[in-house]
Amino acid sequence: MTATTERAVGSDVRRLEGPDKVRGRAPYAYEHELGAQAVFVALVQSTVARGRITAIDSAAATAVPGVLAVLTHEDAPRLGDVVEELRVLQGPQVQYVGEPVAAVVAETSEVARDAAARVQVTYESGAPDVVLTADRTDLYAPEQLMAGFETDSVIGDVDTALAAAPVSVDVTYTTPVQHNNPIEMHATVARWDGDVLRMWDANQGPHNLVPVITEAFGITADQLHITSPHVGGAFGSKAFTHVHQLIAGMAAKVTGRTVKVELTRQQMFTLVGHRTPTIQRLRLGAQPDGTLTAISHEVVEHTSQNAEFAEQTATATRLMYAAPARRTTHRLARLDVPPPTIMRAPGETPGMYALESAVDELAVELGIDPVELRLRNEPARDPERDVPWSTRNLVACLTEGAQRFGWAGRDPRPGVREDGRWLVGTGVAAATYPTRRRPSEARIQAVPGQPYVVSIDASDIGTGARTALTQIAADALRVPLDQVDLRIADSRLPKASGAGGSTGITSWGPAILAAADELRDREVPPGGLTVTGSSGPGEEAEQLSSHAFGAHFAEVRVDRDSGEVRVPRMTGVFAAGRIINPVTARSQFLGGMTMGLSMALHEQTVLDAGRGHFANHDLAEYHVAAHADVGAMDIHWLDEVDEAHNPLGAKGIGEIGIVGAAAAIGNAYWHATGRRVRDLPITPDRYFG
Amino acid sequence: MREFRYEKATDPAGAVALLAGEPEGAYLGGGTNLVDLMRLGVATPDVLVDVRTLTSTEVEDLPDGGLRIGAAVPNADLAAERRVRERYPLLAQALLAGASGQLRNRATTGGNLLQRTRCTYFTDTTMPCNKRAPGSGCGAVTGLHRNLAVLGATDEGPESAHTCIATHPSDLAVALRALDAQVRVLGAGGERSVPMAELHRLPGDDPSRDTTLAHGELITAIDVPALPWATRSRYRKVRDRASYAFALVSVAAAMDLDGGCVRDVRIALGGMAHAPWRATVAEDALRGGPATEEAFAAAAEAELAAARPLADNAFKVPMATNMITRTLLQISTEARS
Ligand SMILES: Cc1cc2nc3c(=O)[nH]c(=O)nc-3n(C[C@H](O)[C@H](O)[C@H](O)COP(=O)(O)OP(=O)(O)OC[C@H]3O[C@@H](n4cnc5c(N)ncnc54)[C@H](O)[C@@H]3O)c2cc1C
Ligand code: SF4
């Protein structure tokens, strides 16, 4: 990269940190302070789902040579005013199986684990209440949903419209609890340097953690320094503060040492969140020509006793299709489960699975091709907010996808295609994900003869964000890539939003552009010059409806004897704004589609109703798609630039790939077998149900 | 994790001697199962005697045309061995259907046979489990049991000390059961040979014991007798994903055909019971009868008549019935072509 005239944005730039990662030279959180004689934490976790600790005896654990401290609710440092789910080791109450009830700090992790097994805890406990049903009498409407969405939306008289509809479907879908399971386990290294807390931590943006951790330890933002240079995946599980980070700070305080906390894979099933299960009733009414007259999407999901997490499951239904009468509702049950959290495209992922499956069922009822049915219900404006789209290219995604996949001439009849012992079918579903930007600031330091130092507390959780931001900065400064020295993932850098909601590029990129604008046409003095810029949601948020769209097509094969399901090929076409880096973008779409396939066929965490725990809490028993499950993936995007939303014209691509993918597979399964499976995942046993 | 000693012997007899005086000790093969269980606190040996390369790593010809497989042969090598692939295709297929490439490189033949159940209550020390903690009850019968046994289990309710519906997870063992292999074992009292039929046991009233081996007995080799018609054999495994998952149901089968008739047949099932399950009812029904899809299906149904499934594993009955039928059908179709 020497030419200065070539634009970096839009070109295939390989991940800048890739060579370091494959050589093991890119340190992850746990790999910091290797020479520091760190001490290690092992957790003791509750074995009951609800109750109180009546006695806790840590004498045997304390007596193990090498043990420095055993923290329990009786003697752990008191935390400041943090939300209930984070009040770890602060009281005797227990609210879910696996809640930490003690933490052992020892010279080695082996000693810590051994000692943890010796802590005796006695509980007074009640029967767990963990089973979600749609007819529970304690379902309630939360005040609002995640990301500030309204709990319910009602336009027109839905029940009357449904009753009057010549053609309708009334179907209920369920999705199970799912777990994020990034490869890198959550880890924190913590040390108190006087009254300054230093943390090396795996998270989705250090600034996300600052308010909670400063409040918890009664320190100012200046007294907290968090870095997270490399993160091995997150999918939402590393977005918020979790209890292990607070335990690390407490343990470091009590022992005066550098403390390492790394969760085990099993602990990641309780301590860092999960996707809520959902029960979704979909009712659609239509004219015989396919024109939708009514849409009703009612969602039941769970949250924990100690936190309200209200997933925005039906919000995509508010904008996908035109219909005069429409309703979405969300109801929660508070169960004795660990707190749920965000998992790749929270809301859209389960919600679009249900909506796009129901649209397929309606197409069957109507005898209209499912691609055509979607085209016939394309809304000219956002149907609920009644504002124009900034850009909406769902129609182009569907038609382009149909062409690439070879959809034309598809025989709509289910269960009639055979290839040897395989039953073969195809399916389609649409995708959408909101485009947003969040407040972010960037700083650029210019010194003659040196690369520009571009600083922003952005986060690269393995997505390639570091590379894409360098490309954006290089173009904005009109220099080659190697003249940009990008610094990210440090709470002492200019404040930026976290890596979540597919908002990274749309939030951080414009902040860098704004800072670069400050520099433009200015003479850099010999001593250098520092400028800052910021970006945040503007008028577009009110005046326009901004979303990425996409379409998935899948071929499914089902073994007629065993019920095994294979997906030999998928096509995904996306209209997701300007693509900054095609190589890393493709990986995001590919990863999203693969995770959608995994959701369709494999992923489910099983709650044991009697004991209240997640029973299959490791990767041998919680299945994610293996390589052999992923067939040919045809990934394509349309040329789309959405400058009405942000000056980069980008939309965000981290999540849309998963949205709708499971519905396309479920719809193809029906087309292959004639069986409509409405409960994910579609494991082989469903064939015999 | 508790502290333990690590020992190495110079020969098998030395390993047996080392473990003889160690009631809490264990042999260490590839460690792919044992070390996991130690991390989880499920296995708590105080001494490990490393036998990963101690017994034979060779596959040798037996005079009758069979093979002697050293207990230290890695799963990957065994699957790749030409004589195994030619004489016992089902054996190579079973190995390749198991675990992952990395695990198969590490895992040994002996260790594979003695791997423990994947029941999630067994692997979680906070849960009741008669196999891990005798007398504590069985968590699985009222909990997650989708992939547990439907044949030969003991279910006297969750509180009973006898209840266990675990399955044996090894694919290799199922193929060896179909082949009537003999397991050669060295103990303090000398060497003996244990038929595969007697190696693994059903839970009966003591779920804590997976096998009939005494503490300290070392597997040194597996003898697979000659079976000329095993060249037409198959291992078919149904699992939740396309690779890297334990069997929901597996079928190891070989068939000797005489025109349209079944002269002899071997069928063993995996994922169905506490031990590899030899489908003797089906074999008896088929021997001497017609090699037709109807006959295969009827035999499979007769075998599965003994199944006692619970709510969440009932699918295994039709799945196994279909897979027995299908596997035999494939062997007979191939034989005709
Ligand atoms: C994620 C995962 C997936 C897997 N999937 C499959 C699968 O699909 N199918 C399948 O069949 N297996 C599967 N496995 C299991 C794998 O095949 C076994 O772990 C492996 O075969 C065990 O062999 P090892 O040599 O590592 O045994 P070790 O773990 O070393 O030992 C296992 C047991 O055998 C004892 N032992 C070892 N050698 C001897 C000997 N010579 N004599 C007496 N006792 C001995 C040990 O004391 C221990 O009790 C999987 C494992 C994992 C971790
Ligand atoms: S099935 Fe067997 S291994 Fe599983 S919990 Fe019950 S007793 Fe334990």
### Whether chain B is rounded, prolate or oblate, judged on the alpha carbon gyration tensor where a/c under 1.5 counts as rounded
oblate
#### Entry: 5 angstrom amide H check on residue A:226, placed H, neighbours 5+ away
A:199, A:491, A:492
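Rank these residues by their accessible area, most exposed first, probe 1.4 Å: A:143, A:441, A:555.
The ordering from most to least exposed comes out as A:143, A:441, A:555.
Hey, what's chain B come to in accessible area per residue, 1.4 Å probe, Å²? Spell out each step's value before the answer.
Numbers: 12850 Å² over 337 residues.
In whole numbers, chain B has 38 Å² accessible per residue.
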### Task
Would you mind computing, in nm to one decimal, how far apart the modelled labels at residue A:150 and residue A:291 are, each placed 7 Å from Cα along Cα→Cβ?
2.5 nm
#### Entry: Accessible carbon and sulfur surface of chain A relative to its total accessible area, %, 1.4 Å
49 percent
### Query
Can you list residues whose amide H is under 5 Å from residue A:10's amide H, if they're 5+ apart or on another chain and H is modeled 1.01 Å from N?
A:581
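So what is the accessible area of the stretch A:430-535 per residue, in Å², with the probe set to 1.4 Å? Can you show the working numbers first?
Working: 3720 Å² over 106 residues.
Using a 1.4 Å probe on heavy atoms only, each residue of the stretch A:430-535 averages 35 Å².
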### Query
Excluding residue A:552 itself, what net charge comes from residues whose Cβ is under 11 Å from its Cβ, given Lys and Arg +1 and Asp and Glu -1?
-2
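What dipole magnitude, in Debye to the nearest 20, does chain A give about its Cα centre under +1 on Lys/Arg Cβ and -1 on Asp/Glu Cβ? Don't jump to the answer; show the numbers that get you there.
Details: 62 positive and 85 negative charges, 170 e Å.
About 820 debye.
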#### Entry: Radius 10 Å from Cβ of residue A:440, net charge of other residues (Lys, Arg +1; Asp, Glu -1)
+1
### Task
Could you state the accessible area per residue of the stretch A:541-689 in Å², with a 1.4 Å probe and every protein chain left in place?
26 Å²
#### Entry: Selection of GluC sites (Glu not before Pro), the stretch A:591-689, meeting DSSP coil and at most 15 other Cβ within 10 Å
A:643
### Message
Using Cα springs under 10 Å in a Gaussian network model of chain B, which residue among B:181, B:305, B:15 shows the largest mean-square fluctuation?
### Response
B:305
### Summary
Volume per residue (Å³) of the convex hull spanned by the alpha carbons of the stretch A:36-97 is 114 Å³
#### Entry: Chain-alone versus full-assembly comparison, the stretch B:317-335, residues with accessible loss of at least 40 Å² (1.4 Å probe)
B:319, B:322, B:326
### Summary
Along the stretch A:623-629, Karplus-curve 3J(HN,Hα) (6.51, -1.76, 1.60; θ = phi - 60°) to the nearest Hz, with x for Gly and Pro, reads 8, 10, 3, 8, 3, 5, 7
### Task
Go through A:21/A:260; A:21/A:253; A:21/B:237; B:131/B:316; A:21/B:8 and tell me which ones have a Cα-Cα distance over 29 Å in this structure.
A:21/A:253; A:21/B:237; A:21/B:8
### Task
Would you be so kind as to identify which of A:26, A:394, A:89 lies farthest towards the positive end of the dipole of the protein assembly as shown, taking Lys and Arg as +1 and Asp and Glu as -1 on Cβ and the Cα centre as origin?
A:26
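Convex hull over the Cα atoms of the stretch A:336-416, averaged projected area in nm²? Mind showing how you got there, number by number?
Numbers: hull surface 36.0 nm².
It is 9.0 nm².
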### Summary
For the protein assembly as shown (alpha-carbon point model, no solvent) the Debye-based log₁₀ I(q)/I(0) at q = 0.05, 0.08 Å⁻¹ works out to -0.34, -0.89
### Query
When each pair of different Cα atoms in the stretch A:604-689 is counted once in the 1/r mean, what is the Kirkwood radius in angstroms, to one decimal?
16.9 Å
### Task
Name the long-range amide H neighbours of residue A:389: under 5 Å, sequence gap of 5 or more, or other chain; modelled H, no Pro or chain starts.
A:382, A:545
### Task
Step through the residues of the stretch A:379-394 one at a time and calculate ³J(HN,Hα) from phi using the Karplus curve (6.51 cos²θ - 1.76 cosθ + 1.60, θ = phi - 60°), rounding each to whole Hz and writing x for Gly and Pro.
x, 6, 10, 4, x, 9, 7, 6, 10, x, 6, 6, 8, 9, 10, 4
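Sort the stretch A:309-447 into rounded, prolate or oblate with this rule: let a ≥ b ≥ c be the square roots of the eigenvalues of the Cα gyration tensor; rounded if a/c is under 1.5, and if a/c is not under 1.5, prolate when a/b is larger than b/c, oblate otherwise.
Working: a/c = 1.71, a/b = 1.49, b/c = 1.15.
Prolate, since a/c reaches 1.5 and a/b exceeds b/c.
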### Cβ neighbours within 10 Å from other chains - mean over B:242-252
4
### Query
Peptide A:431-437: average number of partner chain Cβ atoms within 10 Å per residue?
0
### Summary
Rounded to 0.05, the calculated FRET efficiency for the beta carbons of residue B:24 and residue B:85 at R₀ = 30 Å is 0.15
### Query
In Å, what Rg and Dmax follow from the Cα atoms of the stretch B:5-53?
10.5, 30
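What is the calculated FRET efficiency for residue A:450 to residue A:632, with r their C-beta to C-beta distance and R₀ = 35 Å, to the nearest 0.05?
The value I calculate is 0.15.
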### Average partner coverage of A:610-620, which counts Cβ from other chains inside 10 Å
5
### Query
Rg(Cα) of the stretch B:233-336 divided by 2.2 N^0.38 Å?
1.03
### Query
In 10 Å bins starting at 0, how do the alpha-carbon pair distances of the stretch A:189-261 split up by percent?
21, 58, 19, 1
### Query
With solvent modelled as a 1.4 Å probe, how much accessible area in total do chains A and B shield from it at their shared surface, in Å² to the nearest 100?
2700 Å²
### Task
Please identify, among B:228, B:63, B:203, the residue showing maximal mean-square fluctuation in a Gaussian network model of chain B using a 10 angstrom Cα cutoff.
B:63
### Task
Report the accessible area of residue A:150, computed with a 1.4 Å probe over the heavy atoms of all protein chains in place, in Å² rounded to the nearest 10.
130 Å²
### Query
Per-residue HN-Hα couplings for the stretch A:104-113, Karplus 6.51 cos²θ - 1.76 cosθ + 1.60 at θ = phi - 60°, whole Hz, x for Gly and Pro?
9, 10, 9, 5, 10, 5, 5, 5, 4, 5
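The values are calculated or read from the model by the stated rules, or taken from the named source; none is laboratory data. Values in this document were obtained by computation on a predicted structure and should not be read as measured data. Note that each Cβ is placed from the backbone with ideal geometry, even for glycine, and that neighbours are counted across all protein chains shown. SASA here: full protein model, heavy atoms, side chains in, ligands and nucleic acids out. Shrake-Rupley method; radii C 1.70, N 1.55, O 1.52, S 1.80 Å.
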